[in-house]
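Readers should treat all values here as calculations from the given coordinates under stated rules, not as data from a laboratory. Since the structure is predicted, the reported quantities are computational estimates derived from the model, not experimental observations. Methodologically, a virtual Cβ is constructed for each residue, glycine included, from the backbone with ideal geometry; neighbour enumeration extends over all protein chains shown.
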Amino acid sequence: MALSNDKKILILIHYESILTKIGKVQPQYETIESLCDEFNVNKDYAHDLRKKFFETGTLDRKSGSGRKHVEGYVDRRQRVVESIRKRRSSSIMCISEETDIPHTSVQRIIKEEGMRLISRRTCPLLSDDQKLKRLKWCRQNRHNQWDGHVDIDEKWFDLFPFHKERYHDGSPRRKQPLLSKGNPPKIMILTAIAKPDLEKGFNGLIGIWRIQKNVEAQRSSKNHCKGDSYKIDCTLTADYFYDLMTTGVMPMICKKMQSFQNVTVQMDNARPHIGKNNVELFNDFGDSLFPCITTINQPAQSPDLNANDIGFFTSLNKRVLRNKCTNVDKLWFALEENFWSTKPATLTSIFKSKSRIVTEIIKQKGLNVNVPHSL
């Protein structure tokens, strides 16, 4: 701790008296060591103090000398928070470079503020025409309770999903062997779900289908002999989708929803769904069934209006990840098992969220909305 000027003057007086011993007056301190021990300084300090006084005539510190002033913690905290809010989200190193604050201090401030690391979120890019169509569709379905309404959609599920970040305990990490990093094993499924009606004995689950096609082995291998027929996972086409709807989805709807007079099937505007006049063909086919099935398309760029995309696929994926599948057949088995074990309360909650999303879109004039999980 720095000494005051009064103590510096006392040290200088006693130091000078020890050196000169003028007159008969006995100095208070016999040696320089005892003087320095009393004021808790070393001998060099006393010597430098005397030298400075004789050279400058003062004991005051020069302006600008000593340790530079360090910015207060409160000021640092405020600058870090303002940088994060201005950039909306950023990495610790970017914030450190922008604010000129050590990254360790930035990390500590972020932790104390209760902020967390998130991934970048995206939303569909909407044109003005698409916003108007979204708004019109939502106004037409503002009071829709989604009874007798089926949402269908398809999704790829990866066998080994890659997460950008995960918690790790520091133990040696095992690398996942892959035949091709650019084309990891995955399967496409199509699901059909509806709002449950337990009074009618309907749990809301229509069915789940794996998108596969039959191929013939062109040559013999360790897996197949030449000429053998086997199935491989594939993408969806208009012809495949028509066959799947007329032989799988619609007959299952008739079987599961016999207590309804009319059923509406909603799907997006993907090319396999609407190509080759599929929608008109589905409506013609659905008129001959009981219950009568009508097929409609949701607005373009509007996955937030399909129950599968709103929350069902996310719920299904989280449950499947617990199984730790090692091949695509086991992945399909886990998907099928977890699909049929979905609770009716989960589907009811998803369709309630869909109603609230419709209301929010009307308020936002067709724009994308971010509905909280509590809705």
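Hey, in the GNM for the chain with a 10 angstrom Cα cutoff, which one of Tyr242, Tyr29, Tyr230 fluctuates hardest?
Of Tyr242, Tyr29, Tyr230, the most mobile in the Gaussian network model is Tyr29.
Order these by the 10 Å Cβ neighbour count, fewest first: Thr58, Thr191. Could you put the intermediate results ahead of the total?
Working: Thr58 10, Thr191 23.
With the sparsest Cβ surroundings first, the list reads Thr58, Thr191.
What is the dipole size for the range 73-112, taken about its Cα centre, with +1 at each Lys and Arg Cβ and -1 at each Asp and Glu Cβ, in debye to the nearest 20?
My answer is approximately 200 debye.
Under a crude label model (7 Å from the Cα following the beta-carbon direction), how far is Gln364 from Gln212 in nanometres?
Distance between label points: 4.0 nm.
What is the spin-label model distance, in nm, from Asn327 to Ala238 if the labels are put 7 Å beyond Cα along the C-beta direction?
Computed distance between label sites Asn327 and Ala238 equals 3.7 nm.
How large is the Kirkwood hydrodynamic radius of the chain, counting all unique pairs of alpha carbons, in Å?
Evaluated on the chain, it is 27.9 Å.
Once the other residues with Cβ under 11 Å from the Cβ of Gln364 are scored (Lys, Arg +1; Asp, Glu -1), what is the net sum?
Summing Lys and Arg as +1 and Asp and Glu as -1 gives +3.
How big, in percent, is the set of alpha carbon pairs in the range 93-141 lying more than 13 Å apart? Show your work: numbers first, answer last.
Working: 846 of 1176 pairs.
Looking at the range 93-141, the distances longer than 13 Å represent 72 percent of pairs.
Excluding Ala238 itself, calculate the net charge of residues whose Cβ lies under 11 Å from the Cβ of Ala238, where each Lys or Arg counts +1 and each Asp or Glu counts -1.
Working: positive: Arg271, Lys276; negative: Asp239, Asp243.
Its environment carries a net charge of 0.
When the Kirkwood radius is taken over all Cα pairs of the range 5-56, what Stokes-Einstein diffusion coefficient follows at 20 °C and 1.002 mPa s, in µm²/s?
After rounding, the answer is 192 µm²/s.
Could you grab the relative contact order for the chain? Cα pairs under 8 Å, six or more apart, rounded to a whole percent.
After rounding, I find 16 percent.
Per-residue counts of other Cβ atoms within 10 Å, averaged by peptide: what ranking do you get for 341-347, 133-139, highest first?
Listed from highest to lowest mean packing, they are 133-139, 341-347.
To the nearest 20 Debye, how big is the dipole of the chain about its Cα centre, given +1 on the beta carbon of each Lys and Arg and -1 on that of each Asp and Glu?
260
Among Trp209, Ser4, Val263, whose Cα sits farthest toward the positive end of the charge dipole of the chain (+1 at Cβ of Lys/Arg, -1 at Cβ of Asp/Glu, about the Cα centre)?
Of the listed residues, the answer is Ser4.
Can you give me the P(r) profile for the range 252-375? Cα pairs, bins 5 angstrom wide beginning at 0, each as a whole percent.
2, 9, 14, 15, 18, 19, 15, 6, 1, 0
Sort 109-118, 147-156, 74-83 by packing, meaning the average of other beta carbons within 10 Å per residue, with the highest value first. Write down the numbers at each step before the final one.
Working: 109-118: 11.4, 147-156: 20.5, 74-83: 15.2.
Going by the mean number of other Cβ atoms within 10 Å, highest first, we get 147-156, 74-83, 109-118.
Taking the simple approach of a point 7 Å from Cα along Cα-to-Cβ for both Glu97 and Thr58, what is their distance in nm?
Label at Glu97, label at Thr58, 4.5 nm between them.
Picking from Ser127, Ser90, Ser288, which is most flexible by a Gaussian network model of the chain using Cα springs under 10 Å?
With Cα springs under 10 Å in the chain, the top fluctuation among Ser127, Ser90, Ser288 is at Ser90.
Based on the mean of other Cβ atoms within 10 Å per residue, sort peptides 48-56, 196-204 so the most packed one is first.
196-204, 48-56
Helix 73-87 sits at what angle to the longest principal axis of the chain, using alpha carbons and giving 0 to 90 degrees rounded to 10?
So the inclination is approximately 30 degrees.
Just rank Ile232, Ile296, fewest to most, by other beta-carbon atoms within 10 angstrom.
By the 10 Å Cβ count, ascending, the order reads Ile232, Ile296.
Ranked by Cβ crowding within 10 angstrom, fewest neighbours first, how are Thr31, Thr122 ordered?
Thr122, Thr31
Can you tell me the dipole magnitude for the range 5-56 around its Cα centre, using point charges on the Cβ only (Lys, Arg +1; Asp, Glu -1), in Debye to the nearest 20? Working shown, then result.
Values: 8 positive and 9 negative charges, 43 e Å.
Using only the charged Cβ atoms, the result is roughly 200 debye.
So what's the angle, to the nearest 10 degrees on a 0 to 90 scale, between helix 5-20 and the longest Cα principal axis of the chain?
Result, in degrees: 40.
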